[in-house]
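The values are calculated or read from the model by the stated rules, or taken from the named source; none is laboratory data. Keep in mind that what you see is a predicted model, and the values were worked out from it rather than measured. We place every Cβ from the backbone using ideal geometry, glycine too, and count neighbours over all the protein chains shown.
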Amino acid sequence: MSNDSAVSQSDVQKALKDIRISNINKLIFGHLNINSLRNKFDLLREQIKGSIYIFMVSETKLDNSFPEGQFWIVELIDFDRFDRNKNGGGIMLYVREDIPAKLLSHDLPHAESFFVEIKLFKKNWLINCSYNPHRNNIGKHLDIISRSLDTLSTKYENILILGDFNACVDDEDLKSFCKSYSLSSLIKQPTCFKNPENPSCTDLILTNKPCSFQTKCVIETGLSDFHRMTICVLKMHFRKLPPKVINYRDFKNFDNERFMNSLQYTLAEEHIDYSRNPDKFFEICQNVLNNHAPRKKKYIRGNNKPFMTKAYSKAIMARTRFRNKFLKNPSEQNKENYNKQRNYCVSLLRKDKKEYFAKLDEKNITDNRKFWHTVKPFLSDKVKTREAIILVDNNDILSKENEVAKTFNNFFSNIVKNLNIPE
């Protein structure tokens, strides 16, 4: 399956985690020509989850008989995919679920390529994912991309193109293409080992902002036949998912009889005709309820899972402490303490998951909507993979909650007017 059969999953995961640790809160891009994704997806998912946040897969060799939900990765969205057939070609792009992105063009004629806009703070990046199946076709392939790029490059200052071009950057067509758009190749090492004695660099990452990137490298994954994974890191920091705020009432010390007595006493003391002043009645009820069941709020992680418990959260914090201690002082004792706590976290997570699913309310299982919410990712391509709502309004990407709320409010408040129904 690979030009290096000695590569192990743990080696690849460690290499990617090291890159992630060295670039905390920075955006990591990746690409791999996997040469058929269907039987390698589980291994790929374990390698890249939590490490790469914008990832392209080329030569997927899929068709429409493979639902999108079959290739779901935690925290990543199968943002777009272009299938040729199960015998060749095909590209797929994953984007982290909280990164605002929109598709600009899909299915360019006679080319396996599409353009995506990614919004990072105040900067918009134009991303092109591309796969050229034959070396002799590189000129035609670049001409098709150029037609769209000529128009789009006037709107975007930052351009990133990644994929397998089946041609090196010193190829005359590629050299002319890069010169036209002021593009530089971030990847210098060989990526394709079809000829082990003379490997070539055909899996490219091109950009007009090379100084914005760091840590450019290639990694042998053991998944592709001849190709290695290409990696680059954007210097810009990108924040994690914002924490969720949960508002609730604390009924821990609530006594229904004391509440009713207090409410009756307060209502009688005011001497008001509440039938004529319902707002006052509601205000008094709220005040009394606040005294007996006070409002509280708590913050949870943006990617919090329903089976998370306090014990597991504390175990994770302890694991992090042991890990930091081991990184500062890599002694055998510190390594043993970290491994022991890490294994404890794994076993505790399995236990918490089992208990969570064992305690599921029977109504949640028999209710069709809740049942399909759980099993859909494995059976259908209509998968809800994110909770954050991102809208495209007048060609602008809206990701902030207040912007999304205002857009929905304006739309639904004017929906009848927009129907142009004659009076």
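Each row is one residue, and each column tells you yes or no for (1) at pLDDT 95 or above; (2) closer than 27 Å to Ile99 by Cβ.
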{"position": "Tyr181", "(1), (2)": "no, yes"}
{"position": "Phe193", "(1), (2)": "no, no"}
{"position": "Ser200", "(1), (2)": "no, no"}
{"position": "Lys216", "(1), (2)": "no, yes"}
{"position": "Thr230", "(1), (2)": "yes, yes"}
{"position": "Lys235", "(1), (2)": "no, yes"}
{"position": "Leu241", "(1), (2)": "no, yes"}
{"position": "Arg249", "(1), (2)": "no, no"}
{"position": "Asn253", "(1), (2)": "no, no"}
Residue count, region 169-186, condition part of a loop (DSSP other than H, G, I, E, B) and within 21 Å of Ser148 (Cβ to Cβ), comes to 5
So for region 263-281 (the condition being on the phi > 0 side of the Ramachandran plot and either assigned by TED's automatic domain parsing to the domain that holds Glu46 or of a type outside the set (Gly, Ala, Ser) (or both)), does at least one residue qualify?
yes
Tell me which of these Ile138 doesn't satisfy, since it passes every other one: (1) at negative phi; (2) within 29 Å of the chain's Cα centre (by Cα).
(2)
Entirely in region 347-423, the helices (runs of 4 or more DSSP H) that have 2 or more residues that are hydroxyl-bearing (Ser, Thr, Tyr) and at pLDDT 70 or above:
401-413
Can we say Ser65 is over 24 Å from Val218 (Cβ atoms) and of a type in the set (Ser, Thr, Tyr)?
yes
Can you find a residue in region 160-167 that is surrounded by fewer than 16 Cβ atoms within 10 Å (Cβ to Cβ) and of a type outside the set (Phe, Trp, Tyr)?
no
Got at least one residue in region 163-170 being in the same structural domain as Gly30 (by TED's automatic domain parsing), under 21 Å from Thr221 (Cα atoms) and touching a residue at least 40 places away in the same chain (Cβ under 8 Å)?
yes
Leading residue by the ranking (modelled with the highest pLDDT) among those in region 63-98 that are under 11 Å from the mean Cα position of the chain (by Cα) and in a loop (DSSP other than H, G, I, E, B):
Trp72
The correct count of residues that are modelled with pLDDT of 90 or more and in contact with a Phe, Trp or Tyr (Cβ under 8 Å, 6 or more places away or on another chain) in region 153-164 is 7
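Quick grid of which residues meet (1) over 30 Å from Glu401 (Cα atoms); (2) surrounded by fewer than 18 Cβ atoms within 10 Å (Cβ to Cβ); (3) polar (S, T, N, Q); (4) in the same structural domain as Gln47 (by TED's automatic domain parsing):
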position	(1), (2), (3), (4)
Trp72	no, no, no, yes
Asp78	no, no, no, yes
Leu108	yes, no, no, yes
Glu117	no, no, no, yes
Ser153	no, yes, yes, yes
Phe177	yes, no, no, yes
Enumerate the pairs (first residue in region 19-32 and assigned by TED's automatic domain parsing to the domain that holds Leu120 and more than 22 Å from Leu206 (Cα to Cα); second residue anywhere and surrounded by fewer than 17 Cβ atoms within 10 Å (Cβ to Cβ) and at pLDDT below 85) with beta-carbon separation below 6 Å, excluding pairs fewer than 6 apart on the same chain, so at least 6 apart or on different chains.
Asn25/His237
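Any idea how many residues of region 99-135 are touching a residue at least 12 places away in the same chain (Cβ under 8 Å) and not in a strand (DSSP E or B)?
Total meeting the criteria: 13.
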Selection from region 292-316 of residues that are surrounded by 12 or more Cβ atoms within 10 Å (Cβ to Cβ) and either of a type in the set (A, V, I, L, M) or more than 25 Å from Lys244 (Cα to Cα) (or both)
His292, Ala293, Ile300, Met308, Ala315, Ile316
Can you tell me which residue in region 179-205 is nearest to Gly222 (Cα to Cα), limited to those that are surrounded by fewer than 20 Cβ atoms within 10 Å (Cβ to Cβ) and among the charged types (D, E, K, R)?
Lys194
